[in-house]
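Worksheet: one structure, shown below.
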Amino acid sequence: MAVRLNVLILRPTGGGSSWHAHCDDLLGHVLGRPGIDVTLLERLPIAGEESTEMLALESIGGHAACLAWEAPQKVLDDLDRAGRPMTRRPHADDPGAGHDGEPTAESGVNSSLSGNLAANSSHAESTNGDRSRGRMYFFDMRQNQNAAEVLDSLVSLLKTLQVPTFQIGGSTPILAPASPSPANPAAAKTAASEPVPPEPAAPKPAAHSVDSSEADVKPAAPATSPNRSSATASERSTSDELDRLVDQLDELDI
């Protein structure tokens, strides 16, 4: 999962219109930047308070860059009262962080490397036994007046946090799982060398032969219907009777 940078901007409460204009200019530079999630708060809430500021503060992850027009120690105290204790970590724009007794990584010439080591530390310090301290990369906006330079510093900090860390030292090599060997290697070798006999071909179905005598047989003529033959006999008898009547009339004719 890609590392993202939470940016907490605390709107200035004083300083006149110049600070407010600076805050608006800064918002226009950082909003919508890839890998940067911006949260703007008018004030830091108090622990247990039910407000939108508390919900927004709870949504911030374990580390955040804080941009404020106040002293860093005051911001840390306000975060403690809000129930989100954080430890100030050094970075390129705040190399002196941690010199006031706060736990930090070993300071060096390259402060960005120190910030990377602190960001990737494997343990977090707990406070009150119920909440672990987050990591805060502080930007004092009373001294950083150029919004474009602040954006470049945030992008550089994000790239530093995204650098993967590797464990130095020998590690146990991962062996590939060996394939299971057969119980009898000689039998397996013999079975592999013997050719497999081909399967017999299936017999083709015999073609159906038609006898010539069956082909020459003609269909029998339909039998005469008995009703038709009886009707013909009846017509003949009627004709004979008419002939006899005609003969009798001829004999009676004088």
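Quick check on this structure: which one of Pro85, Pro45, Pro72 is crowded, with 18+ Cβ neighbours inside 10 Å, over 36 Å from the mean Cα position of the chain (by Cα) and over 20 Å from Ser153 (Cα atoms)?
Details: Pro85 fails: over 36 Å from the mean Cα position of the chain (by Cα); Pro72 fails: over 20 Å from Ser153 (Cα atoms).
Pro45 is the lone residue from the list that is crowded, with 18+ Cβ neighbours inside 10 Å, over 36 Å from the mean Cα position of the chain (by Cα) and over 20 Å from Ser153 (Cα atoms).
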Any hit, segment 75-91, residues being farther than 16 Å from Arg4 by Cβ, assigned to a loop (DSSP other than H, G, I, E, B) and either among the acidic types (Asp, Glu) or at pLDDT below 90 (or both): no
Within segment 48-69, tally of residues that are part of a helix (DSSP H, G or I) and either in contact (Cβ under 8 Å) with a residue 60 or more places away in the chain or surrounded by fewer than 16 Cβ atoms within 10 Å (Cβ to Cβ) (or both): 4
Residues satisfying the stated conditions in segment 10-42, i.e. part of a loop (DSSP other than H, G, I, E, B) and under 31 Å from the mean Cα position of the chain (by Cα): Leu31, Gly32, Arg33, Pro34, Gly35
Any hit, segment 28-37, residues being at pLDDT 90 or above, closer than 18 Å to Asp78 by Cβ and not basic (Lys, Arg): no
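The values are calculated or read from the model by the stated rules, or taken from the named source; none is laboratory data. Keep in mind it's a predicted model, so treat the numbers as computed, not measured. Every residue, glycine as well, gets a Cβ built from its backbone with ideal geometry; the counts of neighbours run over all protein chains shown.
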